[in-house]
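Pasting in a structure now, in structure tokens, and then I'll have a few things to ask.
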Amino acid sequence: MKSLEKVVEDIKNVKVQGAKEIAIYSLKFLKKFCKKNGFGLKFEVAAKVLEDARPTAVVLHNCIEILKKEKKIKTFGRLINQLNNSTKKIAKNGSKLIKNNYKIMTHCHSGEALAVIKQSWKEGKKISIFATVTEPLEQGIKTAKELAKLKIPVTLITDNAVGFFMKDVNCILVGADAIRVNSKELINKTGTLLLALAAKEFKKPFYVAANMLKIDKRKKFIIEERPAKEVYQELIKPGRLKGIKIRNPAFDKVPLLYVKKIITEKGIFKPKEVLRM
């Protein structure tokens, strides 16, 4: 069994990425942890430490809130199965929006957005993908490699080129780290807002793939800022370009008015319909 410190390190260092994946990884650890330590104070402390590792994403928070009400080992299995099964349902629901010969732009590495793309390809639709590099950690390269392995045509582009290529795509498909109820915002990887604005300008539909555990009703909300060294390591070496401040927010806030449809395990909805749930 990995230590709590090691699990937190893996999450912070983005060895595990994506709101759903972080939740599943944490739940598997907490299941073993609770078998040994129970659901008392030690569980609450460990759960808080895991939440704080990546505070913006909401799935783990929602799962922990459920566990606090249902303090049973079998609840872990139910939540993990729910998350895994939701992706399969999202894939089938989302593929209904993807037509033959569609060119799709995506951003970062979203398991749920990729599931929709893979399902559409599996159904025989001749689609192609524009994947952004997704700075500064270049998570979009993982997306491109995953698609290329399946022989799905994919073009890797810089984040700055989304406006240039937007005229060539039929839709934009991204994942979500949270869907904020109070502020009516989509929270997703930095750069998502620029995609949404470009999509609006070019009148291209902007779709979001997200399971229902990504609905965020938290009053306290934090946009995580990542280490400066991720942006440009040369800047933080002694004596290099003194006086420069570096900021590295990990997520964007995108008004839901830019989102055409949200693809969930329960169906495809307009943002206002999801908020009412």
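The values are calculated or read from the model by the stated rules, or taken from the named source; none is laboratory data. Model, not experiment: these values are computed from the prediction. Reconstructed Cβ throughout: ideal geometry from the backbone, glycine too, with neighbour counts over all protein chains shown.
Testing residue 203 on (1) at negative phi; (2) charged (D, E, K, R); (3) surrounded by fewer than 16 Cβ atoms within 10 Å (Cβ to Cβ); (4) assigned to a loop (DSSP other than H, G, I, E, B), one condition comes back false. Which one is that?
Every listed condition holds for residue 203 apart from (1).
Regarding residue 186, is this residue of a type outside the set (Asp, Glu) and part of a helix (DSSP H, G or I)?
Details: of a type outside the set (Asp, Glu): yes; part of a helix (DSSP H, G or I): no.
No.
Of all strands (runs of 3 or more DSSP E) completely enclosed by segment 221-269, which ones contain at least 2 residues that are at pLDDT 90 or above and farther than 29 Å from residue 120 by Cβ?
On the way: elements: 251-255, 261-264, 267-269.
So the answer is none; nothing clears 2.
Something else now. Quick check on segment 77-127: of everything there that is part of a strand (DSSP E or B) and crowded, with 18+ Cβ neighbours inside 10 Å, which residue is nearest to the chain's Cα centre (by Cα)?
That would be 106.
Conditions (1) of a type in the set (Asp, Glu); (2) under 30 Å from residue 120 (Cβ atoms); (3) without any contact (Cβ under 8 Å) to a residue 24 or more places away in the chain; (4) in a helix (DSSP H, G or I), marked per residue:
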| position | (1), (2), (3), (4) |
| --- | --- |
| 8 | no, no, no, yes |
| 16 | no, yes, yes, no |
| 32 | no, no, no, yes |
| 46 | no, no, no, yes |
| 51 | yes, no, yes, yes |
| 62 | no, yes, no, yes |
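In segment 128-179, what residues are within 15 Å of the chain's Cα centre (by Cα), assigned to a helix (DSSP H, G or I) and in contact (Cβ under 8 Å) with a residue 40 or more places away in the chain?
139
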